[in-house]
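Undergrad: Have a look at this one.
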Amino acid sequence: MAQGILGLGSSGSVDLNQDLIDQLKEAESTAYIDPISGDIEDTQAEIEATDEVATKISELLDIMESFDLYTSGTNVFDEVSATASGTSVSFAASDTSNINPGTISVTVDQLAQKDVYQSDIITDKTAAIGAGTLTISVDGTDYDFDTTDMTYEDLVTQLNYNSKLDASIEQVGDDSYRLILKSTETGLSNSISITQDIASLNLSDATNHVVEAQNMKATIDGTDYDLSSNKLTLQSGLSITAVEQGTSSISIARDDTLIVDQITQMATAYNELVDLVDSYTIGDEDNAAVISDSSTLRSIMSDIKSMFYDSYGLEDEENAFVYGISFNKNGQMEVDTAELSDAVTNNYDDLKELFVGYAEKEGIGTRLSSYLDDLDSLDGTLTSFQDKLSDKLSDLNDNLEDETDRIDTKYQQLADQFAQYTVIISQMENSFKSLQLIMDMETSSN
């Protein structure tokens, strides 16, 4: 009796064939899918490694910006310390780069004030004012207010539409109110004059002009100032705010305590960057480099190092090695803090020339800040390298999806064909059984 044709009949051949299909599919996946998956893992590792390098470059940039001639903040060489005496003024500066060491003395003779008027007592602030006209002059312009059908609250609303006026109704007693009208800014240029024919307000009465506008008058280092504001900013960037009458002073001194620390931090950040790049780009016989194409990062590190080796100053007379900075045989930067501290004390201007420089001859900090900042710009070297890796990863994922779909489709079709063959062969086997039965019957009858 037939036991299955080509291993495809009844007798459990379907399970055997599916197992065979799975083995064939696994073998093809190993040949085509696994290499792509491996490339994806490697590329993802490259991207993560490059992102770490980019972060470390950003950390170095943050430090170098404190030596940048064009920094938006305060250059470390322009830091100053200040000691103030007296209470007549307060001092502040967002940028100390133009403030020279020395003492500034300020005498405040008069504070700037706003114009302030008050109305007569009002018992009901929602009551109608009555017909009349209120004319207010500010900065040479007249503003007319017709109080017909207005309440006191309505008038306040109308007054506050003018940006030069500040009006309110204030409760001054248990059952009494006053309309208060102020100039929004201090000084004579913002003074208010009032004319009216409204008896219930009486704002124009001299006794209700409770505070008269005036300018701030002060003397700063012998120069007289007569200004509408209590705050002024000197050309150096030092901001002075008058608080009360009296004399105050501020003593400004150069603060060089941060320079050595900042340069030491620079060396640490640079060395960490060197170690990180080496760890990802230098492989050995046991482990391949994580970043397969190291030329970009090597070029970046070479550019950075060359800036430290370069000469600076208007006549190329300054070099980092003169001030206690050196590189060991492993490429690590070393800082002799004693020698550097001596340079801060005795060669401050030369050291600033080395790190900061001038517009016509930039220093290490200014050049390196610009270079590092450009690396991750739209067309920057590091950005281009990261984009290249991202594109590679995207292509690999597309290839993986295509190959997976191809193999899945191929072996699904093969499984469908095997199933069809099984049906046909089973039918043939049944026919053989019938034929065998007829043959057996004929034999027995003979």
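Undergrad: Which whole-number value in Å² is the accessible area per residue of the chain, probe 1.4 Å?
TA: 54 Å²
Undergrad: If one puts a single equal scatterer on every Cα of the chain and applies the Debye formula without solvent, what log₁₀ I(q)/I(0) results at q = 0.09, 0.11 Å⁻¹?
TA: Per q value, in the given order, log10 I(q)/I(0) is -0.86, -0.97.
Undergrad: Can you tell me the Rg and Dmax of segment 246-290, counting just the alpha carbons, in angstroms?
TA: 22.4, 78
Undergrad: Which whole-number percent gives the relative contact order of the chain, counting Cα pairs below 8 Å spaced six or more residues apart?
TA: That works out to 24 percent.
Undergrad: Here is a further query. Select from Ser292, Leu258, Gln413 the residue farthest towards the positive end of the dipole of the chain; place +1 on Cβ of Lys and Arg, -1 on Cβ of Asp and Glu, and compute about the Cα centre.
TA: Leu258
Undergrad: Right, next: Pulled fully out, how much extra length does the chain show between Gln171 and Ala84, if you take 0.36 nm times their separation in residues and subtract their Cα-Cα distance?
TA: Values: separation 87, 0.36 × 87 = 31.32 nm, distance 4.08 nm.
Additional length available on full extension: 27.2 nm.
Undergrad: I would also like to ask the following. Asp374 to Ala31: extension gain in nm, 0.36 nm per residue of separation minus the Cα-Cα distance?
TA: Details: separation 343, 0.36 × 343 = 123.48 nm, distance 4.29 nm.
Full-extension gain reported as 119.2 nm.
Undergrad: Arrange the residues Leu20, Leu354, Leu437, Leu234 by how much accessible surface each exposes, largest first, with a 1.4 angstrom probe. Walk me through the numbers before you get to the answer.
TA: Working: Leu20 75, Leu354 0, Leu437 105, Leu234 35 Å².
Result, largest first: Leu437, Leu20, Leu234, Leu354.
Undergrad: To the nearest 10 square angstrom, what accessible area does Tyr143 show with a 1.4 Å probe?
TA: Result for Tyr143: roughly 60 Å² accessible.
Undergrad: Beyond a 29 Å Cα-Cα separation, which of these cross-linked pairs lie in this structure: Lys56/Lys392; Lys231/Lys352; Lys388/Lys410; Lys329/Lys392; Lys305/Lys388; Lys56/Lys388?
TA: Lys231/Lys352; Lys388/Lys410; Lys329/Lys392
Undergrad: Computed from the mean reciprocal separation of all distinct C-alpha pairs, what Kirkwood hydrodynamic radius does segment 175-330 have, in Å?
TA: 23.9 Å
Undergrad: Using a cut-off of 17 Å between alpha-carbon atoms, which aspartates and glutamates can reach Lys361, once sequence neighbours fewer than 8 places away in the same chain are excluded?
TA: Excluding near neighbours in sequence, the set is Glu65, Asp68, Asp310, Glu315, Asp316, Glu317, Glu318, Asp349, Asp350, Glu353.
Undergrad: Where in segment 105-144 is the amide nitrogen less than 20 Å from a point lying 7 Å along the Cα-to-Cβ axis of Thr184?
TA: Only 112-118, 135-144 pass the distance filter.
Undergrad: Also, quick follow-up: Say each of Gln18 and Asn162 gets a label point 7 Å from the Cα, pointing the same way as Cα to Cβ; how far apart are those two points in nm?
TA: Using points 7 Å along Cα→Cβ, the separation is 9.2 nm.
Undergrad: Heavy atoms only, probe 1.4 Å: what % of the accessible area of the chain goes to carbon and sulfur, would you let me know?
TA: 46 percent
Undergrad: Between Asp124 and Ser94, what FRET efficiency comes out of the Förster formula 1/(1 + (r/R0)^6) with R0 = 56 Å and r the beta carbon distance, rounded to 0.05?
TA: Efficiency, rounded to the nearest 0.05: 0.65.
Undergrad: What figure in square angstrom, to the nearest 10, would you give for the accessible area of Glu48 with a 1.4 Å probe?
TA: Its heavy atoms expose roughly 100 Å² to the probe.
Undergrad: How far, in nm, would the chain grow between Met439 and Gln413 when pulled straight, counting 0.36 nm per residue and subtracting the alpha carbon separation?
TA: 5.5 nm
The values are calculated or read from the model by the stated rules, or taken from the named source; none is laboratory data. Because the structure is predicted, anything quoted here is derived from the model rather than measured. For neighbour counting, all protein chains shown are included, and Cβ atoms are generated from backbone atoms with ideal geometry for every residue, glycine included. SASA here: full protein model, heavy atoms, side chains in, ligands and nucleic acids out. Shrake-Rupley method; radii C 1.70, N 1.55, O 1.52, S 1.80 Å.
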